[in-house]
């Protein structure tokens, strides 16, 4: 009887150890963000047919999703890949932004790279329109208190020696938004304006260079509280 009990105990112990090894739990590892390489940020791209995108491989990553945005029309192109390079055909003569999202099949969490911009000209140009301004504050769709409201934005241009000015449009016209110009040829990227009437406001920034070319940020909104 004792022998039977000893043998049974040994068999049970071996099964327990075996199961613990087989079903050992490992926590999912989050992917790391990729570092972008080409096309370089704020540069002119002279690809003839397809634009070749490259980035450094990121840790704990199975696949990547590249997101390319036409900064004029806001049209978006996405593509998945398991490698750190991809070639995509785009329309020439336009500015674009691109970003890489790293993914790991063991977790739903993702990691996003920086957003870089480039101008696809197809042939060398002496001057390029500045990239559309990026709205900073108020953040699109946010709410602010009435009184002094700080409007701020950022911009970039391939042509480092160009000078720039800005036209600001701000109104509450829902049918024809952001058509009222509140300042012309402004030289800074931040302006404080007084707003006392509550409601939704529409605004945009037109960036101009000294060669007569310009770009439009597109309409952003914020709500002034009572």
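The values are calculated or read from the model by the stated rules, or taken from the named source; none is laboratory data. Predicted model only: the values in this text are computed from it and were never measured. Quick reminder, even Gly has a Cβ in these numbers, built from the backbone with ideal geometry, and neighbours come from all protein chains shown.
Let's see how each residue does on (1) more than 16 Å from the chain's Cα centre (by Cα); (2) at pLDDT below 90; (3) over 21 Å from residue 156 (Cβ atoms):
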site	(1), (2), (3)
50	yes, yes, yes
59	yes, no, yes
62	yes, no, yes
68	no, no, no
79	no, no, yes
82	yes, no, yes
85	yes, no, yes
89	yes, no, yes
99	no, no, no
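Please tell me if residue 161 is at pLDDT below 95 and not assigned by TED's automatic domain parsing to the domain that holds residue 40. Considered against the rule, which asks whether it is at pLDDT below 95 and not assigned by TED's automatic domain parsing to the domain that holds residue 40, residue 161 comes out as yes. Might you check whether a residue that is at pLDDT below 95, more than 22 Å from residue 69 (Cβ to Cβ), surrounded by fewer than 19 Cβ atoms within 10 Å (Cβ to Cβ) and touching a strand residue (DSSP E or B) at 6+ places or on another chain (Cβ under 7 Å) occurs anywhere in segment 208-216? No, segment 208-216 contains no residue that is at pLDDT below 95, more than 22 Å from residue 69 (Cβ to Cβ), surrounded by fewer than 19 Cβ atoms within 10 Å (Cβ to Cβ) and touching a strand residue (DSSP E or B) at 6+ places or on another chain (Cβ under 7 Å). Residue-level check: of (1) buried (at least 16 other Cβ atoms within 10 Å of the Cβ); (2) modelled with pLDDT of 95 or more; (3) within 15 Å of the chain's Cα centre (by Cα), residue 118 misses just (2).
Quick one: which strands (runs of 3 or more DSSP E) sit completely within segment 117-226 and have at least 2 residues that are free of Cβ contacts under 8 Å to residues at least 40 places away in the same chain and under 27 Å from residue 76 (Cα atoms)?
Details: elements: 134-137, 142-144, 147-154, 164-171, 181-186, 190-195, 199-209, 214-216, 220-224.
Here the list reads 134-137, 147-154, 164-171, 199-209.
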